[in-house]
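For reference, the structure is listed below as structure tokens.
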Amino acid sequence: MVASHESLAIFGAGERRDRPLRVFVWLQRKPVGAVSMGIIVVLALAAVFAGRIAPYDPLAQEYSAVLEAPSRHHVMGTDNLGRDILSRVIYGARISLAVGVVAVLIGTSLGTTIGVLSGFFGGALDLIIQRVMDAWLAFPLIIFALGVLAALGPGLPQTMLAVGVVSIPTTSRVIRGSVLAEKQRVYIEAARAIGAGHLRIMLRHIVPNIAATVIVLASLTLARAVLTEATLSFLGVGVPPPNPAWGSMLSGKARDYMLSAPWMAIWPGIFISLTVLSWNLLGDAVRDLLDPRLRNA
Amino acid sequence: MDRRNFWTQHSPAPVSRRALIHRMSAGGVGLAAAGILGCGRSGSGKQTAAGASGSAGTTLQPQKGGYLQHMLPYSVANLDPATTEDATGYGFVETDWYDLLVRIQYTPNPDWRILNKVIPSLAERFEQVDKTTYTFSVRQGVKFHNGDALSAQDVVYSYSRIKDPALKPNPSVVRYLDNIDKAEATDPYTVRLTTKRPDADFLANISYRYACIVSKRFVENGGDLTKTVVGTGPFKLSSYQRDSTALAVRNPDSWLPSGSYLDGIKLVLKVDDSTMSAAFATGDVDILIRHDRKQADPILKANPKALTQNAPADQVYGVTFNQTKPPFSDLRVRQAVHLAIDRQAADQATNFGEGVICGPLVVVGKTGWHIPVDEMLKLPGYRQPKAQDVTEAKRLLAGAGFASGFKTTLGFSSATESQSAYAEVVQAQLKQIGIDASLQPWDNATYTQHRAKPDHDMVIVSEGSFSSPGSVAYASFYSSGVFAKPTGVNDPDLDKLIDSQAVEFDFDKRGTIFQQIERWILDKAYKAPISTPKLVRLNQPWVHDWVDSKNNRATVMNPDAVWMSADQAPASRRQV
């Protein structure tokens, strides 16, 4: 992936009057990306306004309505404790997106910092950092997250931290590569020639020029974060019950009653798939948009 | 009738990544839509037309032949019966390949747990000499699978090795054999066991699958029981591939007069629960236990010829407390929790109203040993409607200084069937009296560790017993019990009651003592019992006389007695 000066035209270097037109053109050219963005916006709004949208309290148990099939009263059915699945899915969006966003903030900020330092300074620092990242990457992502949660215990903040931490090495690697390419450019040499220090060069010149890379990476990382959180909750080590995390909704009783009440597993499964797919496709679309070689592909 | 010796009287595509994702998502959405539209009905499959188990009262004659197909959701790395992780699992290591000195008489009907009758096994005779001494005449001519001859020394060795800390025996094994003070071979075929204290359950405890007899010579010659099976059981180990399959074949040298009926047992390991259900529906597995009717109905709908039987599980779900520190050191707080729990609603949630509301120790069904049901349902905590109990619970909390409630934790084993459901129900019910309990899921090993330490607040337990409530009483309510001691249960009067049942060998009188124990536990709120699920047992119509362990696992307690109708069984059962 190549980040270029031209890509900044979308975000800020172009005429402000032209920006809505550019976005409209982009939407037309990348309908899948547009749809994905729409889905993400809807999910985000559902997460934010869950209290207003959800028809029931996601934790309210109604024992006279256990394992009810989808109906007028419970659009997505109920689970083994009579809880409304639609309400739990809506509140689950809150958990998934919260974990995703915080994990991306942790992973992207730390990964970018490490990648920029490693790529910019090179030498012994780069060698040490990259060997550490190699060792880190040797661990399967889930195993590493499990290890973090084993140390911290289950819970929402702990899950955010675990999911965020596992994305640091991949982010740093990609960013390092971008920094290595950028620091060879003439404008960096020019900045050095006029006396700019390392910090100024990194913050004022390199980081803005790799912003597109960071943005695309963030969207892809968020998709992975949502899936990781779902996996950890499925395994019973993520967000503890009775919180309506999509992954934990898929495990346990949903599997026991797969034959008699498949809606318990189907709906959270659909939403996990939809969310992960949307973020991936959005990331792809943004990448195509920012990479001049792929923009017209 | 000699009332001093109770036991002598009574005994299982070039396509781009983008295009691929697009096509797969379209297909996935279509499949999901079809699934939702096609599944818009409640899971209310009907029971099999056969109704009761075909094993019950069958007039068919047992036939030799056939391989039982058995699936398990896990695998074991260790085949040593004293240390295997299978001790807390299905128990296939112990039941298929090993024998015991004495055993329980496992009958399909009536429920074997009612009498828990002990009968001879590797000991052809046994006698209780006095309250703490038993002698056993070891059967002569019995050979281990490797040809070693069985003697009294093997029995002594088998019991003694469990006391060796270097062996690291499974705590479940130790718990049942802990009362053995001394094991001696008084001659080549006579064993004398001396217990630390009189215990009416002693013979039953050594009759459970944990007290397997192994070959002393094999181990002392360097044999590794963790990798090899050398027992005297009705089957020999033919092959074992961890996480894959195992095969037990008929032991041709079995001491049983007619040997086993089955040619063998084919085990498929590490099978997901839903896969097992599907496999039973298609006839690929012969025996299955499901937790409730909702899980069993779709299977029976797909396999209407399968036979079923319902029975209460061998455990009482409930809540116990860490009484070493506030707030649960206060009786009023524990009583408030007990009162707040709506047992009927909990049963509706966890077993669709088909479970059994129980006292704290003895599963309802062992009549005379538990508080009578009609009396129990009028007690505080059990009575309906709940408004009175909830009001009283709030009053007790206020008196204890918690008028606004308090925050606490409720731990449970995420690996034990239904504990999470019970935990969520209890959490919701405690909220109405102001107790905000956050749930703490633990894996099995961590759960057991937490129970044995005073580092938790409340915990969901699934113990209590139909067959042997005495051992549960000692573990969970006796002052020095493995679970009672660390959680501050220290009640000398209750200890006396528990000791008195251990030395009472009259069935009815012992039952009366257990009723007193139950009332005492409820008065002191050492446990807030909830209910016992009624499990649904399923077997294929060609399988007969299978006796299960009455818990959530399809253990084969009597592998030597199970048999198959060759004409009904599919061809796959006639060959390995």
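Some points to look at:
- Under 5 Å, built H, 5+ apart or other chain: amide partners of B:Ala437: B:Thr408
- GNM result for chain A, Cα springs below 10 Å: residue of A:Ala69, A:Ala218, A:Ala196 fluctuating most strongly: A:Ala196
- Over the range A:98-174: Rg over Rh, Cα atoms, Kirkwood Rh: 1.02
- Each stretch of four or more DSSP H residues adds -39500 (n - 2.57); spread over every residue of chain B, this sum gives -8500 deg cm²/dmol at 222 nm.
- For chain A, built as a Gaussian network whose Cα springs stay under 10 Å, the top-fluctuating residue of A:Arg52, A:Arg83, A:Arg173: A:Arg52
- Between B:Ser480 and B:Ala77, the modelled labels are 3.4 nm apart [label points 7 Å from Cα along Cα→Cβ].
- Gyration tensor verdict on the range A:151-212 (Cα atoms; rounded if a/c is under 1.5, prolate if a/b is larger than b/c, oblate otherwise): prolate
- Taking a ≥ b ≥ c as the square roots of the eigenvalues of the Cα gyration tensor, chain B is classed as oblate, since a/c reaches at least 1.5 and a/b does not exceed b/c.
- Calculated on the Cα set of chain A, radius of gyration then Dmax: 22.1, 77 Å.
- Measuring nothing but how far apart in sequence close Cα pairs (under 8 Å, 6+ apart) lie, relative to its length, the range A:2-295 scores a relative contact order of 27 percent.
- Label-to-label distance for B:Thr367 and B:Asn490 is 4.2 nm, based on points extended 7 Å past Cα in the beta-carbon direction.
- Cα-based equivalent ellipsoid, the range B:186-226: semi-axes from gyration tensor eigenvalues, Å: 25, 15, 8
- For A:Val35 and A:Leu235, the difference between the fully extended length at 0.36 nm per residue and the C-alpha to C-alpha distance is 68.9 nm.
- B:Arg574-B:Asp508 pseudo-label distance in nm [points 7 Å out on the Cα-to-Cβ vector]: 5.4 nm
- Efficiency of FRET between B:Asn221 and B:Ala445 - r from beta-carbon atoms, R0 30 angstrom, step 0.05: 0.40
- Rounded to the nearest 0.05, the FRET efficiency derived from the C-beta distance between B:Asp272 and A:Arg204 at R0 = 51 Å is 0.40.
- Theoretical FRET efficiency, 1/(1+(r/R0)^6), r = Cβ-Cβ of A:Arg255 and A:Ala196, R0 56 Å, to 0.05: 0.45
- ³J(HN,Hα) computed for each position of the range B:181-189 - Karplus, 6.51 cos²θ - 1.76 cosθ + 1.60, integer Hz, glycine/proline x: 8, 9, 10, 10, 9, 7, 7, x, 10
- Proxy reagent accessibility, fewest Cβ within 10 Å first, across B:Phe280, A:Phe234, B:Phe406: B:Phe406, A:Phe234, B:Phe280
- Stokes-Einstein diffusion coefficient of the range B:521-576, Kirkwood radius over Cα pairs, 25 °C, 0.890 mPa s, in µm²/s: 170 µm²/s
- Ordering A:Val286, A:Met202, A:Ala54 by Cα displacement along the dipole of the range A:2-295 toward the positive end leaves A:Met202 in first place; charges were set at the Cβ atoms of Lys, Arg (+1) and Asp, Glu (-1).
- Pairs exceeding a 23 Å alpha-carbon distance, out of B:Lys294/B:Lys534; B:Lys168/B:Lys325; B:Lys325/B:Lys524; B:Lys64/B:Lys236; B:Lys163/B:Lys216: B:Lys168/B:Lys325.
- Overall dimensions of the range B:417-464, expressed as equivalent-ellipsoid semi-axes from the Cα gyration tensor (√(5λ), whole Å, largest first), are 20, 13, 9.
- Counting only DSSP beta bridges whose two residues both lie in chain B, roughly 75 percent are antiparallel.
- An oblate overall shape is assigned to the range B:364-475, the ratio a/c of its alpha-carbon gyration tensor axes (a ≥ b ≥ c) being 1.5 or greater and a/b not exceeding b/c.
- Rg over Rh, two decimals, the protein assembly as shown (C-alpha only, Kirkwood Rh): 1.04
Each value in this text was obtained by applying a stated rule to the coordinates, not by laboratory testing. No experiment lies behind these values; they were computed from the predicted model shown. Cβ: placed from backbone, ideal geometry, glycine included. Neighbour counts: every protein chain shown.
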